[in-house]
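What follows is a set of notes on a single structure, which appears directly below.
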Amino acid sequence: MARVILRQVTKTFHGQTVVKGLNLLIPDGSFTVLVGPSGCGKSTTLRMIAGLESVTDGDILIGDQPVNHLPPGKRDVAMVFQNYALYPTMNVYDNIAFGLRNRGYSKNDCRTMVEEIADVVGLKPYLKRKPSELSGGQRQRVALARAMVKKPQVFLMDEPLSNLDAKLRNQMRVELTSLHKRLGTTFIYVTHDQVEGMTMGDQIVVMSEGAIMQVAPPMELYREPANLFVAQFIGSPAMNVVPADGRAEYLWGFRPEMAVLLPGSVSAVPAETAWSLDGIIMSREILGSDALYHVETTRGRVVVKAETERMAEIGEAVLVSVPLAHIHVFDRATGKRLGRLEGRTQNHSLAGGVV
Ligand code: ADP
Ligand code: MG
């Protein structure tokens, strides 16, 4: 187990800087997720930690050791990719043991280590099977076991679940989380899928265009996004962002589930506690217990989540009402979140008195 530190880590490919001076502390034993849109530099960052890619500038430390100049094999890390390849002619046991063979362990030691890991990932009954005799999820577990058996200080994973179908992916998320708890090893996990990041990580690093947008536990990202990028990347559906009342230099944001749909005939919502927008329902997505309503309002299109007990219809005139305490204020120019609204709508003020 070890913590990982990135200090001003930069990567340039052919004059183009794709990772821009990252500073990051990945605590020992944490499950840290790097999340962001495709092309934002997640894999490059992970590959630099693994030693598969050189660092153009800055330092990477694993434990307390600078590793910039160490080859992958000397960094005590293990990596699992989206496209893992198992040896098709070898059985599960040999696939897992393969990485141990050239490390000088005795046959008995190898057996103990392989069986221990096979037990952890639930593969013990399948040790004699060939990869072709396994399900996709079981094969993925062989790839994980093969990496884990080396007992690395840090475990690196790059979209390892992307090739699995939705049901198996959900199952593997749960398995990976419990695996992390049992092993206590530092996990660094890359995904473009914010739901995957939010469900598994204890520390989430949101990246955009080679830079870090925010580092926080999942619920903090959700409740206190540092900027518009995070607000609109985290959460499904994303935060609604509309022009602010009165002040053109601000934008207001609110989560679809924090807003309420009222019939259009309701005209007076107490302005001391809520802010309201007139709108018309343009479309509706029924999710089961909830539905998402896409509403064209006087401030643009917003999405509102509501229970399906009483459904509103497409074309219906509605009032979207948001409690003031759930409205986030953003600086339009910088995208920075300034705080939440407090007080009356006629006299908007921010927590901390920014306005
Ligand atoms: P992500 O994993 O977030 O999708 P990557 O780290 O793979 O993003 O890529 C970040 C950027 O770096 C992309 O613009 C990509 O095209 C570029 N890139 C990645 N690897 C190389 C490479 N070996 N040579 C040149 N450009 C690369
Ligand atoms: Mg990638």
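The values are calculated or read from the model by the stated rules, or taken from the named source; none is laboratory data. Keep in mind it's a predicted model, so treat the numbers as computed, not measured. So basically every Cβ, Gly included, is an ideal-geometry build from the backbone, and we count neighbours across all protein chains shown. Side chains included, ligands, DNA and RNA excluded: accessible areas come from the protein's heavy atoms. Shrake-Rupley method; radii C 1.70, N 1.55, O 1.52, S 1.80 Å.
One table, with the values for the structure above:
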read-out: Principal-axis tilt of helix 166-183 within the chain, Cα atoms, nearest 10 degrees; value: 60
read-out: All aspartates and glutamates inside 17 Å of Lys11 as judged from Cα atoms, apart from same-chain residues fewer than 8 positions distant; value: Glu53, Asp57, Asp59, Glu209
read-out: Of Ile204, Ile96, Ile281, the one that fluctuates the most in a GNM where the chain has Cα springs shorter than 10 Å; value: Ile281
read-out: Cα centroid separation, the range 243-266 to the range 50-75 (Å); value: 48
read-out: Whole-number D in µm²/s for the chain (Stokes-Einstein; Kirkwood sum over Cα pairs; 20 °C, 1.002 mPa s); value: 93
read-out: Partner lysines for Lys181 [C-alpha distance under 19 Å; skip if fewer than 8 residues away on the same chain]; value: Lys150, Lys151
read-out: Degrees separating the helix 107-120 axis from the principal Cα axis of the chain, which is the longest one; value: 20
read-out: Neighbourhood net charge (10 Å Cβ-Cβ; Lys/Arg +1, Asp/Glu -1) for Val35; value: -1
read-out: Solvent exposure of the range 237-353 as accessible area per residue, Å², 1.4 Å probe; value: 50
read-out: Share, in percent, of DSSP beta bridges within the chain that are antiparallel, nearest 5; value: 75
read-out: Packing-based ranking, highest mean first, of 305-314, 288-297, 150-159 given that Cβ atoms within 10 Å are counted; value: 150-159, 288-297, 305-314
read-out: Ellipticity estimate at 222 nm from DSSP helix runs (n ≥ 4, -39,500 (n - 2.57)) divided over the chain, nearest 500; value: -7000 deg cm²/dmol
read-out: Descending principal axes extents, the range 237-353, alpha-carbon based, whole Å; value: 40, 28, 22
read-out: Whichever aspartates and glutamates have a C-alpha closer than 17 Å to that of Lys128, once near sequence neighbours (fewer than 8 apart) are set aside; value: Asp94, Glu115, Glu116, Asp119
read-out: Cα centroid separation - the range 121-184 against the range 279-299, whole Å; value: 39
read-out: Arg103 accessible area, assembled protein chains, probe 1.4 Å, Å²; value: 110
read-out: Accessible surface of the chain, 1.4 Å probe, proportion on carbon and sulfur as whole %; value: 50
